[in-house]
Amino acid sequence: MTNEEAARAALADAVKEIEHHVAAAGWDGPVRVFALVRTQHALQAEPGLASQLTPEVLAAATGDAWHLTSVEQEDLPAAPDLESLLAGLSWPDAVDGMAVTVERVVLPPAAEADMPEDPDAALEYLLQHPEREDVRLAVGALRDGPSWCAVRARAHDTDDQVGQGPDLVPGLVAAVRSTFD
């Protein structure tokens, strides 16, 4: 496996783990942000971290130089929207990547064409539309590396129904990547 393939696999595992963790808290949750650090590097910098990790995680990290540990960021700065929040984030060099989870309401493209221009009317239209779909997005990216996305629909809320891929939500992937600029 090449270094890029190993990095992508580690990121996919981390995003999947984050999505499952957030899913366990149920729906209608806040935006959540996670720093991603290579576990081996984190253990070298902070040996006490080993006592906080499960034996399975320690074993995985020992065998995989790209194994990632996610660290949820608490006390996020106030922001009027997700784009502003992400634009205001920056990471020290020790952070190898980041991930964000957010819930959204989506409509089929044909239904979006009929959405009113007025923001209040558009919100009402969106919330009342019979074809609306609530989704949770988990998007991660490594600094100068791959991205990975996981998408869970409320209507299909099981772990085996989570869609995954490298660029399922391109706009959010770009916003996540911008936190490393």
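The values are calculated or read from the model by the stated rules, or taken from the named source; none is laboratory data. The structure displayed is predicted, hence computed values, not measured ones. We place every Cβ from the backbone using ideal geometry, glycine too, and count neighbours over all the protein chains shown. Just so you know, the surface numbers come from the protein's heavy atoms only, side chains and all, with ligands and any DNA or RNA stripped out. Shrake-Rupley method; radii C 1.70, N 1.55, O 1.52, S 1.80 Å.
The relative contact order of the range 29-181, computed from alpha carbon pairs under 8 Å that lie at least 6 residues apart in sequence, is 24 percent. Using the Karplus relation 6.51 cos²θ - 1.76 cosθ + 1.60 with θ = phi - 60°, the per-residue 3J(HN,Hα) values for the range 99-106 come to 9, 9, 10, 8, 9, 9, 10, 10 Hz, with x marking Gly and Pro. At an R0 of 25 angstrom, the distance between the Cβ atoms of VAL31 and ASP160 translates into a FRET efficiency of 0.50. Annotation: SER70 carries an accessible surface of approximately 40 Å², with a 1.4 Å probe and no ligand, DNA or RNA atoms counted.
Based on Cα contacts under 8 Å between residues 6+ apart, the range 107-181 shows a relative contact order of 24 percent. Taking all protein chains together and a 1.4 Å probe, the residues VAL22, VAL71 rank VAL71, VAL22 from largest to smallest accessible area. From the alpha carbon centroid of the range 126-181 to that of the range 32-64 is 25 Å.
The relative contact order of the range 137-178, computed from alpha carbon pairs under 8 Å that lie at least 6 residues apart in sequence, is 42 percent. For GluC sites (Glu not before Pro), the sites in the range 44-147 that DSSP calls loop and that have at most 11 other Cβ atoms within 10 Å are GLU74, GLU117, GLU131.
Counting protein heavy atoms only, the chain has 53 percent of its accessible area on carbon and sulfur, 1.4 angstrom probe. Compared with the dominant Cα axis of the chain, that is its longest principal axis, helix 119-128 is turned about 80°. Calculated translational diffusion coefficient of the range 73-177 (37 °C, 0.692 mPa s; Stokes-Einstein with Kirkwood radius over alpha-carbon pairs) equals 211 µm²/s. Quick one: go through the range 17-40 and flag any residue whose amide nitrogen is under 18 Å from the point 7 Å out along the Cα-to-Cβ line of LEU127. Hits in the range 17-40 for LEU127 at 18 Å: 27-31.
For the residues MET115, MET1, a 1.4 Å probe over the protein chains yields an accessible-area ranking, largest first, of MET1, MET115.
With the dipole of the chain worked out from charges on the C-beta (+1 for Lys and Arg, -1 for Asp and Glu) around the Cα centre, which of HIS129, PHE180, HIS41 lies farthest toward the positive end? Farthest towards the positive end: HIS41. For THR179, nonlocal amide neighbours, meaning residues 5 or more places apart or on other chains whose placed amide H falls under 5 Å from its own, do not occur. Can you give the angle from 0 to 90° between the axis of helix 3-24 and the longest principal axis of the chain, with both taken from C-alpha atoms, to the nearest 10? For helix 3-24, the angle is close to 60 degrees.
Taking every Cα-Cα distance in the range 1-70 and sorting them into 10 Å bins from zero, the calculated P(r) comes out as 19, 47, 28, 6 percent. Using a probe of 1.4 angstrom and keeping all protein chains present, the accessible surface of the chain works out to 56 square angstrom per residue. Spin-label model, ASP93 to ASP118: label points 7 Å out along the Cα-to-beta-carbon direction sit 5.4 nm apart. Using a probe of 1.4 Å, the accessible surface attributed to ASP114 totals some 110 Å² when neighbouring protein chains are kept in position.
For Rg and Dmax of the Cα atoms in Å, pick the label among (1) 17.7, 56; (2) 18.4, 70; (3) 24.8, 82 that corresponds to the value derived from the coordinates. Only one listed value fits the structure, namely (1). The charge dipole of the range 65-111, taken about its Cα centre with unit charges on the Cβ of Lys, Arg, Asp and Glu (plus for the first two, minus for the last two), comes to roughly 220 debye.
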